[in-house]
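First up is the structure itself, then whatever we jot down about it.
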Protein chains: 2
Amino acid sequence: MRIDLINTGTELLLGQTLNTHAHWLGGEFFQLGLRIQRQVCIPDGDEIRLALLESIPRSDVIVVTGGLGPTSDDITREITAELLGLPLEQDSLVLEHIRAYLARRHRELNANSYRQAQVPCGARVLANRFGTAPGLYFPPQSGVMAGVGQTPHIFLLPGPPRELKPMWTDEVLPILRGLLTVEPPGLRNFKRFGVGEAQVAETLEEPLRATGIMELGYCARPGEVMVRVIGSAAALDACGVLVRAAFGDRLFSDTDELMEQVVVRLLRQAGRTVATAESCTGGLMANRLTNVAGASEVFGWGFVTYANQAKERLLGVKASDLADHGAVSEPVVRAMAEGALGASGADYALAVTGVAGPGGGTAEKPVGTVWIALAVRGRVAGEPVTTTVLREHFPFEREMFKAMTSQTALDMLRRRLGQEQA
Amino acid sequence: MRIDLINTGTELLLGQTLNTHAHWLGGEFFQLGLRIQRQVCIPDGDEIRLALLESIPRSDVIVVTGGLGPTSDDITREITAELLGLPLEQDSLVLEHIRAYLARRHRELNANSYRQAQVPCGARVLANRFGTAPGLYFPPQSGVMAGVGQTPHIFLLPGPPRELKPMWTDEVLPILRGLLTVEPPGLRNFKRFGVGEAQVAETLEEPLRATGIMELGYCARPGEVMVRVIGSAAALDACGVLVRAAFGDRLFSDTDELMEQVVVRLLRQAGRTVATAESCTGGLMANRLTNVAGASEVFGWGFVTYANQAKERLLGVKASDLADHGAVSEPVVRAMAEGALGASGADYALAVTGVAGPGGGTAEKPVGTVWIALAVRGRVAGEPVTTTVLREHFPFEREMFKAMTSQTALDMLRRRLGQEQA
């Protein structure tokens, strides 16, 4: 079933309003096992004519959003009726709805209300509980347009999200469900820590396709690569086996969880806590952890020690280590992690120190250099703290550097928790 | 000048990824005095052929995003070259760029690298500072397509925003500016702290329009309202007078600076420092401040005290205050701010404590309740610390709550700095 989505609205083209309809409706269709083949955004006014003329011959379903309102550039209803050769007639039920809707707001029918109550013959009214403009559904017709055997199912929906969403759920979904003949396919997102979209594709593309999946896609985000597969349950399970074998413990989610959600979940499962000591990430690790509801169970103490004095006083980093090795060094990151562990009493502590740039780089420690440490408290009395350190180089602009660094640190903890819980 | 934007990416049509490129590029064109006439979104793969065939005859400029990557569904480059009848040739400079880019990441050239280094004859390479795939610019050509006198200016840009945005600014904008025949009008963004887009519109709409501006827009973001005006220099100046009179010291920028950029700039100008003590914002304030280059001059100490014990031990909050008034209370936020000031030696300290939710609300302190404090060190010996506190209620979901709270705290400091520097 080939689906076109047409969004009307000048504000969507000027960088003023983000087109959330395309996103939301894409997800809605996808849950039905359908997908939008093309999404088009046009300004208010006469462009809708050309957009419909292009879409009608190639589509089975067309959804148009916007252009049903009361102002002079709202002409979606009129143009659609004209192209399908359907005369408009006043609908007394729609007019009564508009009259009652306006009355509740102490307003009266006006000239535009009568326009909104015009319904093309043969179209079905989609009730609008939250506005005046009704939606419209045009069932397929034969022989109304040259070269088009049968026109597609056409839905005209209002632009405001609070009108569109309930109309979609109450009125459009039942019609679409009636058109479906097969069970929708499944989707799975596999998220791998690290970079290298190309590398992933090179290794996995062929074996994944051989499972008989319908679709395969990749998406790279800071410090992670997502592999998206769509297909039957059996094909998705086969993909899972391949991906787990290829990614090993770099695979951090097959359910679309964020890295910080995985870390908080694993900590909650284990009944353990983490503290953070951040120099170059400046609070981003703590911020990510506390974006997850329930973080307070596993995270109580965070240190943002941008200044050397803060590293000394709050975390017990030695002045001599700072002087001898510099703030971006292995001894300092180790002391930061162990200091945070000691001060907070947490079970784990993550520490990072690096050169975020743009200034501050040297030949030995160029911009992007970062040290990361994970300190782990011993489990039994007398067992010492063990600390793992890692040096990385992320030569990116500031926010990307912070994102990569926090991702790498969180992944260190995630893998440790995974090993302990295995 | 008629402009089409084509966004490729299956994830944009499945409800997985919001199409922010359409929004951002719409704004960019708009600042040049141009506007996108049509935006089209298509899946990865062969749909780009049909989309280009439709756009080429009707456009003066076409921008395509995505499909330049290394994987098998990235075919924008090949299809465009084919439609324009241009053979592909390996570009040694591009290959060298890819080789160097990969080498910095300890990776090597692979088969896909050679594909990315193929450049259509006659196309100009747009340098990609943040990725391997070069962008491409195809100047207009005559007689390559039936029925098309001259092909449009065609720009192929990479999909990842961190690659696309700098390429747009550094490479595409200069070319577009060269095509403009009239001076673009001026644009100014006035940013006001607080909420109330409708209220701002109601008060300012008429007087602003009376200045003779060409366009007026509003945009609401967490804790701020932006008024955007476009027009002649004289009209923009007149708008500035009106906006300053209406907003007073709630106006925090007329240059599109972020709140945290304003705060860091004012602190640097004053040669002063700030410390943060965060409970419910969990590091977001520190993270925002340290997103600004040069933050280390003005910010050295941040405390993320999610746990009560952390509030006591790091900030000296009294156990009795926590027991008597609860962690979300006026005495506690005051002690947090003063404790952070004392421990860090900073000139100012911001503290926040609140109920982020979803759990933890009570009748007296419902979810969304937050206390914010600003402690200010005395300027001369013996002058005491003065602390201002504020209670707010932001009944929003977690990340919005954190954004509003951090915005309000940063604005407290901004206004204080503004008064002191006035």
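Only the coordinates and a few stated rules stand behind these numbers; no lab work does. Because the structure is a prediction, the values reported are computed rather than measured. Cβ atoms come from the backbone with ideal geometry, glycine included; neighbour counts cover every protein chain shown.
What to note about this one:
- Label-point distances for A:Pro160 to the equivalent site in the other copies, using a point 7 angstrom along Cα→C-beta, read 4.2 nm when ranked shortest first.
- Backbone phi angles across the stretch A:286-298, fed through the Karplus curve with coefficients 6.51, -1.76 and 1.60 (θ = phi - 60°), yield HN-Hα couplings of 4, 4, 5, 4, 7, 6, 8, 4, x, 4, 4, 5, 10 Hz in residue order; Gly and Pro are listed as x.
- Distances between copies at A:Pro395, taken between label points 7 Å from Cα along the C-beta direction, are 5.3 nm in increasing order.
- Size descriptors for chain B, from the alpha-carbon set: Rg then Dmax equal 26.6, 85 Å.
- Using Cβ point charges alone (K and R +1, D and E -1), the dipole size of chain B about the Cα centre works out to roughly 860 debye.
- Shielding of peptide B:306-319 by partners, expressed as the average count of other chain Cβ atoms within 10 Å per residue Cβ, is 3.
- Kirkwood analysis of the stretch A:1-44, using all unique Cα-Cα pairs, places the hydrodynamic radius at 10.9 Å.
- Relative contact order for the stretch A:246-383, counting Cα pairs under 8 Å that sit 6 or more residues apart, in percent: 23 percent
- A label point on A:Glu108, set 7 Å along the Cα-to-Cβ line, lies at 8.3 nm from each of its counterparts in the other copies, closest listed first.
- In Hz, Karplus ³J(HN,Hα) per residue of the stretch B:362-376 (6.51, -1.76, 1.60; θ = phi - 60°; x = Gly, Pro): 10, 4, 6, 10, x, 3, x, 5, 8, 10, 10, 9, 10, 9, 10
- Ranked packing of B:224-233, B:170-179, A:284-293, most packed first, by mean Cβ within 10 Å: A:284-293, B:224-233, B:170-179
- Annotation: aspartates and glutamates with alpha-carbon distance below 16 angstrom to B:Lys165 (same-chain offsets under eight excluded): A:Glu397, A:Glu399, B:Glu28.
- For the peptides B:144-154, B:3-13, B:119-129, the ranking by mean Cβ contacts within 10 Å, running from highest to lowest, is B:3-13, B:119-129, B:144-154.
- A compact globular protein would have a Cα radius of gyration near 2.2 N^0.38 Å; the ratio found for the protein assembly as shown is 1.02.
- Close amide H contacts of B:Thr369 (hydrogens built in the peptide plane, cut-off under 5 Å, sequence separation of 5 or more or a different chain): B:Val355, B:Phe394.
- Placing unit charges on the Cβ atoms of the charged side chains and taking the dipole of the protein assembly as shown about its Cα centre, the candidate lying farthest along the positive direction among A:Met400, B:Asn110, A:Val119 is A:Met400.
- Mean Cα-pair separation over length for the stretch B:186-253, i.e. relative contact order, pairs under 8 Å, 6 or more apart, %: 46 percent
- By the Stokes-Einstein formula, at 0.890 mPa s and 25 °C, the stretch A:186-253 with its Kirkwood radius over alpha-carbon pairs has D equal to 211 µm²/s.
- Lys/Arg +1, Asp/Glu -1 at C-beta; the stretch A:3-179 dipole; positive extreme among A:Val63, A:Leu13, A:Gly131: A:Gly131
- Separation of alpha-carbon centers, the stretch B:397-414 and the stretch A:97-160, rounded to whole Å: 42 Å
- Sequence-distant residues sharing a close amide H with A:Leu68 (under 5 Å, placed H): A:Gly159
- Between the amide H of B:Leu18 and any residue lying 5 or more places away or on another chain, no distance stays under 5 Å, with hydrogens modeled in the peptide plane.
- Inter-chain Cβ neighbour count for A:212-223, averaged per residue, equals 4 (cutoff 10 Å, partner chain atoms only).
- Which listed pairs, of A:Lys311/B:Lys311; A:Lys191/A:Lys402; A:Lys318/B:Lys318; B:Lys318/B:Lys365; A:Lys311/A:Lys365; A:Lys402/B:Lys311, have C-alpha distances above 22 Å, in listed order: A:Lys318/B:Lys318; A:Lys402/B:Lys311
- Rg/Rh for the stretch A:150-208 (Cα atoms only, Rh after Kirkwood) is 1.22.
- With the simple model of a label 7 Å out from the Cα in the direction of the Cβ, A:Gln421 to B:Asp324 spans 4.2 nm.
- Each listed q (0.09, 0.10 Å⁻¹) maps to a log10 I(q)/I(0) for the stretch A:3-179, found by the Debye formula over equal Cα scatterers with no solvent: -0.29, -0.36.
- Taken over the stretch A:366-422, the alpha-carbon convex hull comes to 76 cubic angstrom per residue.
- Remark: mean inter-chain Cβ contacts per residue of A:395-402 equal 3, using a 10 Å Cβ-Cβ cutoff to other protein chain atoms.
- C-alpha center-to-center spacing [the stretch A:294-333, the stretch B:293-368] in angstrom: 20 Å
- Dipole magnitude of the protein assembly as shown about its Cα centre (Cβ charges: Lys, Arg +1; Asp, Glu -1), debye to nearest 20: 1600 debye
- Computed over every Cα-Cα pair of the stretch B:297-422 and binned at 5 Å starting from 0, the pair-distance distribution P(r) comes out as 2, 11, 20, 23, 21, 13, 6, 3, 1, 0 percent.
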